[in-house]
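Below: the structure, in structure tokens.
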Amino acid sequence: MPGQTPNPDAPYWDVYPDYVEFNLVGYSSLNNYHKPRIEVYPVADYEQINDGAKQTIDSLKQLLADKPAAPDSIPLLPIFNAAQVFRTQIRYVAFQNGEGVRFVTQYDQALIPINNQEVFYTFQGFTDDGRYYVAAILPVATNVLPDSGELPNDQWQAFADNFQSYLQDTTQQLDTLKPGDFKPDLSLLDALVQSLQVK
């Protein structure tokens, strides 16, 4: 994929180097908000042109060194113009010549319900030599979530007022699910990640 170099009018999330993208054809999911893909970025090139990406890369290196069980946030590339709402199903996973972390999350610009249209599995990691950043963005869905983030107009205020408790309860519920309670099965997505070898 061709990169986008810095210019005065470009937001920082639209600045990235040339990279390799694998699109997954025939991917089965109820979620159609995110395109299922695996992206491989050259670390040095990304750091050189995007300070925000460099911060993300440095933060992920520290996270993988410490491997906390319940981090307050998990760095993610590509950069989204939205905030990480939650993270659950956190596991540290190795692939053929690297390692990283996988988790289930959702990114939003406002307070909306966690839903099957937007939630996704992601893997974020590095090759052992540190030269390449590997990112997987893979849509998932589960029966415990609504299909969309829509609510009746008269329910939005109550939802916003109780958002933190809702978020905590929903995150805990998702964390207790088995891999097979998601579609696709998280174990299959882990196996896909573990099979990767970046040369």
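The values are calculated or read from the model by the stated rules, or taken from the named source; none is laboratory data. Predicted model, so just to flag it, every value in this text is computed and none were measured. All Cβ positions, glycine included, derive from the backbone under ideal geometry; neighbour counts span all protein chains shown. Areas reflect the complete protein model, heavy atoms only, side chains present, ligands, DNA and RNA absent. Shrake-Rupley method; radii C 1.70, N 1.55, O 1.52, S 1.80 Å.
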Qualifying positions in the stretch 132-155 - in a strand (DSSP E or B) and free of Cβ contacts under 8 Å to residues at least 60 places away in the same chain:
Thr142
Of (1) of a type in the set (D, E, K, R); (2) in contact with a strand residue (DSSP E or B) (Cβ under 9 Å, 6 or more places away or on another chain); (3) without any contact (Cβ under 8 Å) to a residue 40 or more places away in the chain; (4) surrounded by 13 or more Cβ atoms within 10 Å (Cβ to Cβ), Asp129 satisfies all except one. Which?
(4)
Which numbered condition trips up Gln106, out of (1) touching a strand residue (DSSP E or B) at 6+ places or on another chain (Cβ under 9 Å); (2) outside any strand (DSSP E or B); (3) at pLDDT 95 or above; (4) open to solvent by less than 30 Å² (accessible area, probe 1.4 Å)?
(2)
On the basis of being touching a Ser or Thr at 6+ places or on another chain (Cβ under 8 Å), open to solvent by 10 Å² or more (accessible area, probe 1.4 Å) and more than 30 Å from Lys54 (Cβ to Cβ), does Pro179 make the cut?
yes
Where Leu145 falls short, out of the listed (1) modelled with pLDDT of 95 or more; (2) open to solvent by 10 Å² or more (accessible area, probe 1.4 Å); (3) of a type outside the set (Ser, Thr, Tyr); (4) over 19 Å from Pro36 (Cβ atoms):
(4)
May I ask you to list the residues in the stretch 157-175 that are open to solvent by less than 70 Å² (accessible area, probe 1.4 Å) and either closer than 17 Å to Asn115 by Cβ or touching a Cys at 6+ places or on another chain (Cβ under 7 Å) (or both)?
Phe159, Ala160, Phe163, Tyr166, Leu167, Thr170, Thr171, Leu174
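Kindly indicate the residue of the stretch 77-96 that is touching a Ser or Thr at 6+ places or on another chain (Cβ under 8 Å) and surrounded by 15 or more Cβ atoms within 10 Å (Cβ to Cβ) and also farthest from Ala65 (Cα to Cα) among those meeting that condition. It would help to see each step written out before you state the result.
Keep residues of the stretch 77-96 that are touching a Ser or Thr at 6+ places or on another chain (Cβ under 8 Å), which gives 77, 79, 84-88, 95-96.
If we keep only those that are surrounded by 15 or more Cβ atoms within 10 Å (Cβ to Cβ) too, we end up with 77, 79, 84-88, 95.
Values: Leu77: 18, Ile79: 22, Gln84: 21, Val85: 24, Phe86: 22, Arg87: 19, Thr88: 19, Phe95: 16 Å.
For the stretch 77-96, the residue satisfying everything is Val85.
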Residue list for the stretch 1-60, filter: within 24 Å of Val193 (Cα to Cα), in a strand (DSSP E or B) and either open to solvent by 70 Å² or more (accessible area, probe 1.4 Å) or not aliphatic (A, V, I, L, M) (or both):
Tyr16, Val20, Glu21, Phe22, Asn23, Arg37, Glu39, Tyr41, Pro42
